[in-house]
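The values are calculated or read from the model by the stated rules, or taken from the named source; none is laboratory data. These figures come from a predicted structure and were not determined experimentally. Virtual Cβ from ideal backbone geometry, glycine too; neighbours counted across all protein chains shown.
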Amino acid sequence: MTQPTPALVTSALDHPLRQIVDNSSAVIYIKDLQGRYCLVNPAFERFFKLHAEEVLGRSDHELFGSAVADRLRANDLSVISLRHPVEFEEQLQLQDRSWTYLSSKLPLFDENGQVIAVCGISTDISERKRVEEALRHVALGVAAASSEEVFEALVRYLARSLHADFAFVSRMSDPSSRQLSTLALYYAGKLRANVSYPIVGTPCQEVFGKAFHLVESGLGQRYAADESLRLFNLDSYAGYPLFASDGRPLGLIAVGHSGPLPERGLVESILRIFSVRAAAELQRLDAEASYRAIFEASEDAIFVHDLDSGALVDVNPRACQAYGYSYAQMLQNNIDAFSGGQLSCTGEDAASWLERARNEGPQRFEWCRRNQDGSLHWDEVFLKRATIGGIDRILAFTREITQRKEAERALRASEQQYRTIVGSALDCIIGMDAEGRITTFNPAAEQCFGYRRDEVLGQPLAELIIPERTRGAHQQGLQRYLQTGAGPYLGRRVEVCALRADGREFPAELAISVVKDRQGPHFIGFLRDITERKQAEQHREQLERQLRQAQRMEAIGHLTGGIAHDFNNLLTSMLGYTVMAEELAESQGDERLCRYLARVQHSAEKARDLIQQMLTFSRGSRGKPQPVRLGQLIGDFLQLLQSTLPASVEIETDLAEELPLVLVDPVQLEQVLMNLCINARDAMGGVGRLHVAMQRCQIGESVCASCQQCFAGDYLQLSVADSGPGIAKELQGRIFEPFFSTKAQGQGSGMGLSMAHGIVHEYAGHIRLRSRAGEGTRFEVLIPLLGEEQQPAARAQPTGVNEADRPKLRGRVAIVDDEPQVAEFMAERLAAWGLDVQVWCDAEQASDELLSAPYAWDLVILDQCMPRLTGLQLARRLLAARADWPIALYTGFSDGLSEAEVLDLGLRALLHKPLDQARLYELLRLTLSDQAD
């Protein structure tokens, strides 16, 4: 039969499969039936450091030793004969090192089903085999019974695993001098005596408390000061640090060799494996040392019992001191010698407790003991099974509780007194056990909650007096306390919501204490109904809010009033000179100048209107109230409003008929309505629905949105509602502040709502606001009703005089004003009307000169707001000298000053800046004509 050639064999690999073979990290090869290599992949070439040309066509006997080649050939023949894949562990000796491969070999068939070659895929498992060997050695070391044997076994097997001459485990013996001591030392195949050595200048310095350290060669030259390296003839070294579970450095484990150690990765892996067992044993030694120190120093008496017999095998000094026996006497006595003979405190009972601790787990109980002197004492005992030095024992911890037991007896003796106190307490006292059942319910609790004591005892507390929404939190808090012994309500006074028998909730103040007894924790709650106190606090908070709002509005009012005063002084001269300039331009026939001056006057009047709004808000300017039937007024106003709003705003009205009269200034109320409608238009973006309604309503109790005062009564309600986005809750408290606006800069002065606040409150009214985000806004203006008997007579309005028809005036007039610009304007204005005018800007100087010749003046015009001496103060001086002296007062801001009050003082008139020149002329004409008469 003709054997297939290598080319025929390898041609069976198509192109994609060949790519997989070439890029695989595993060694892949194909041999023909004579064992000659037909194909090897790059991994094969890298591992054997042979080119494919040197391998193809050659057999294993030509590449490896006969012993290895025979084993490989036998494996190939087994696959050929079995005709299915087989997995082998194959070993090679290559480059003075033994390698172990896991080889999966499978037969290759031709189209007739005949085996024509063997394909092998080999993976290096040398590292895994070495680690498995190291683990086997560690397992042998772990089997050692004592600590000393464990360390000795570890270093012995560690040296064997790495074929090292030298191995040891050491720990820090003297931290102050940085001294290490070996716990086991192995050299040249034997265990050696342990030694201590300074860590400085040794390779161990690079390991202890740090990390793995390897010196592959030249150890003696690198650490020339370490004489032990020359003593043991070491040329290489590897060490691994040992740490406790909390990160503390414990020591190190290391190996050394006269020649090179195996490769770094293998050495580090094996040292890491051995270090785990060594560190665990060191921690166990530390724990035993700590245990003994705690055992000797404990303030509790500690007994160590044999697991099976229960006999004492060890006691601490505190136990000997408490019982009055020596250590030897304690170990010689049996439990009966310590028994107090009380109920459940006999030797038989003690044996029963020990058996439970052995079989069921930790036990806690109270025990009456008898000391050597015969005295009886009570102890709290805790039994726990534990392993000490590798031997299972039962530990008994006892703490004397004699005083507590006596206190309990005293407490039981005072139980009747306790019941008397609970029964007469004014606060609710409610007891609850660890399962949440009511155990105590005093008469105050019966009265507060509406339950009888016999109805609730034994019932779940949560279901009776805790609202349903908080019951879950109550149960969680109870469970948390039972598990941890801590709770957020303990030791504190807290406010809670409680539930009466009729389902009503009420606020309560609660304090909880815990009493522990043999049945477990018992909770005592002291509860007080604070409904009245909360109502009082809410009322106080409401009053505080009202006071803060009133103070803020008052402060803002003073501020705006001061600003208005200064502005009115400026506007007086601006408007006055503008009017005079217009008169001059008109007389000269300069139409362009007249047009320019008209625009200046228009802008100044707009500024005057803004100042008027500020004065209205600050209550420095009063309206002219009169009885008004608002239905007709609002109806007429809405017709005008319709023409000013865009067609995209739909206006709906609901105006009740036959509404009673209210006392308001109709012009000011129109301003309020206009501002509310303009704000609504802007809020809707010019598109939406505007609803204006008016009706009479009885307000039970409500809070004003702007002044925060509570009010009630019979009111006429004017409401403006829009379909806009609403006002955010955080902004609703600020919208009535002057100059506060949510509009873009330049699109509003922020005075609209503050002016509405001033006007409405001027007439003892209030404003309510109803707005939610996305649901529009509704302002309700509430004006108190006016009875028929309160209707005042309507005031006649003065009529103006045409400038062209004004005759020249005659007389001598004195003007006192601290503002030079205003005084200068007044002098020019009055001089233009034909008057002889003298001006003073200093009130004291004016007072002296006027009083020197009181009858030399036909009229005195005084500014109210002047430094050192106000207009009214100066007027009183002048009237004291001449009772009929004609005096007029004018002001830019007259907070708390009305025209009626001025007239009652003997003055002729109260004028407001910027001055109405027609009214000023009329005042001068009438006053000076009276003087002429």
When you check L547 against the structure, is it outside the structural domain of E737 (by TED's automatic domain parsing) and surrounded by 13 or more Cβ atoms within 10 Å (Cβ to Cβ), yes or no? no
Those residues of region 348-364 which are among the small types (G, A, S) and over 14 Å from H305 (Cα atoms), in sequence order: G361
If you check A773, A756, which single one turns out to be within 18 Å of L716 (Cα to Cα) and either in contact with a helix residue (DSSP H, G or I) (Cβ under 9 Å, 6 or more places away or on another chain) or at pLDDT 80 or above (or both)? A756
Picking from S59, S104, S98, S78, which residue would you name as being polar (S, T, N, Q) and without any contact (Cβ under 8 Å) to a residue 12 or more places away in the chain? S78
Residue count for region 461-506, restricted to those that are under 19 Å from F526 (Cα atoms) and not in a helix (DSSP H, G or I): 20
I'm trying to understand the selection: among the residues of region 515-530, which are touching a strand residue (DSSP E or B) at 6+ places or on another chain (Cβ under 7 Å) and not in a strand (DSSP E or B)? I530
For region 219-231, name all the residues that are touching a residue at least 24 places away in the same chain (Cβ under 8 Å), assigned to a loop (DSSP other than H, G, I, E, B) and surrounded by fewer than 17 Cβ atoms within 10 Å (Cβ to Cβ). A225
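Rundown of residues vs (1) in the same structural domain as E922 (by TED's automatic domain parsing); (2) over 60 Å from the mean Cα position of the chain (by Cα); (3) within 30 Å of G758 (Cα to Cα); (4) not hydroxyl-bearing (S, T, Y), yes/no style:
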| residue | (1), (2), (3), (4) |
| --- | --- |
| E819 | yes, no, yes, yes |
| W857 | yes, yes, no, yes |
| C865 | yes, no, yes, yes |
| A880 | yes, yes, no, yes |
| W885 | yes, yes, no, yes |
| L889 | yes, yes, yes, yes |
For M866, work out the one condition from (1) assigned to a loop (DSSP other than H, G, I, E, B); (2) surrounded by fewer than 20 Cβ atoms within 10 Å (Cβ to Cβ) it doesn't fulfil. (2)
By residue number, the members of region 480-499 that are buried (at least 16 other Cβ atoms within 10 Å of the Cβ), farther than 19 Å from I465 by Cα and in contact (Cβ under 8 Å) with a residue 40 or more places away in the chain are Y481
Can you name the residue in region 161-214 that is free of Cβ contacts under 8 Å to residues at least 40 places away in the same chain and touching a helix residue (DSSP H, G or I) at 6+ places or on another chain (Cβ under 6 Å) and, of all such residues, is surrounded by the fewest Cβ atoms within 10 Å (Cβ to Cβ)? L191
For region 512-526, pairs from a residue that is more than 14 Å from E408 (Cα to Cα) and outside the structural domain of W367 (by TED's automatic domain parsing) to a residue that is of a type in the set (K, R) and in a strand (DSSP E or B), with Cβ under 8 Å and 6 or more apart or across chains, are H522/K516
Those residues of region 855-913 which are in contact with a Ser or Thr (Cβ under 9 Å, 6 or more places away or on another chain), acidic (D, E) and closer than 28 Å to R810 by Cβ, in sequence order: D858, D863
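Picking from P443, P460, which residue would you name as being in contact with a strand residue (DSSP E or B) (Cβ under 7 Å, 6 or more places away or on another chain) and either closer than 15 Å to V515 by Cα or touching a residue at least 12 places away in the same chain (Cβ under 8 Å) (or both)?
P460
Yes or no, residue by residue, for (1) in contact with a strand residue (DSSP E or B) (Cβ under 7 Å, 6 or more places away or on another chain); (2) within 17 Å of H761 (Cβ to Cβ); (3) buried (at least 16 other Cβ atoms within 10 Å of the Cβ):
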site: I651; (1), (2), (3): yes, no, no
site: E657; (1), (2), (3): no, no, no
site: V664; (1), (2), (3): yes, yes, yes
site: Q671; (1), (2), (3): no, yes, yes
site: L690; (1), (2), (3): yes, no, yes
site: Q698; (1), (2), (3): yes, no, no
site: A705; (1), (2), (3): yes, yes, yes
site: G713; (1), (2), (3): yes, yes, no
site: S719; (1), (2), (3): yes, no, yes
Qualifying residues in region 822-849 (those that are in a loop (DSSP other than H, G, I, E, B) and surrounded by fewer than 17 Cβ atoms within 10 Å (Cβ to Cβ)) - the one modelled with the highest pLDDT: D842
Being closer than 30 Å to A585 by Cβ and not basic (K, R): is that true of C865 here? no
I need the full set of residues from region 354-370 which are of a type outside the set (K, R) and in a strand (DSSP E or B), in order please. Q363, F365, E366, W367, C368
Qualifying residues in region 170-194 (those that are among the polar types (S, T, N, Q) and outside any strand (DSSP E or B)) - the one modelled with the highest pLDDT: N194
Given the conditions (1) part of a loop (DSSP other than H, G, I, E, B); (2) at pLDDT 75 or above, and given that A744 satisfies all but one, which numbered condition is not satisfied? (2)
For residues that are in contact with a helix residue (DSSP H, G or I) (Cβ under 8 Å, 6 or more places away or on another chain) and within 11 Å of G525 (Cα to Cα), scanning just region 418-441, find the one that is surrounded by the most Cβ atoms within 10 Å (Cβ to Cβ). I430
Restricting attention to region 375-407, and to residues there that are in contact (Cβ under 8 Å) with a residue 24 or more places away in the chain and more than 24 Å from I294 (Cβ to Cβ), which single residue is surrounded by the most Cβ atoms within 10 Å (Cβ to Cβ)? W378
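Yes or no, residue by residue, for (1) under 27 Å from E824 (Cα atoms); (2) at pLDDT 75 or above; (3) charged (D, E, K, R):
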| site | (1), (2), (3) |
| --- | --- |
| L575 | yes, no, no |
| Q588 | yes, yes, no |
| I611 | yes, no, no |
| K624 | no, no, yes |
| P627 | no, yes, no |
| L641 | no, no, no |
| A647 | no, yes, no |
Across (1) surrounded by 14 or more Cβ atoms within 10 Å (Cβ to Cβ); (2) modelled with pLDDT of 90 or more, A337 clears everything bar (2)
The residue from P241, P198 that alone is more than 18 Å from A278 (Cβ to Cβ) and not β-branched (V, I, T) is P198
Would you mind finding the one in V304, V255, V267 that is in contact with a Leu (Cβ under 9 Å, 6 or more places away or on another chain), among the β-branched types (V, I, T) and more than 30 Å from E206 (Cα to Cα)? V304
Taking region 420-454 on its own, how many of its residues are assigned to a helix (DSSP H, G or I) and of a type in the set (F, W, Y)? 1
Tabulated pairs, region 362-374, first over 16 Å from T402 (Cβ atoms) and assigned by TED's automatic domain parsing to the domain that holds A350, second part of a strand (DSSP E or B) and of a type in the set (F, W, Y), C-beta under 6 angstrom, 6+ apart or interchain: R364/F382
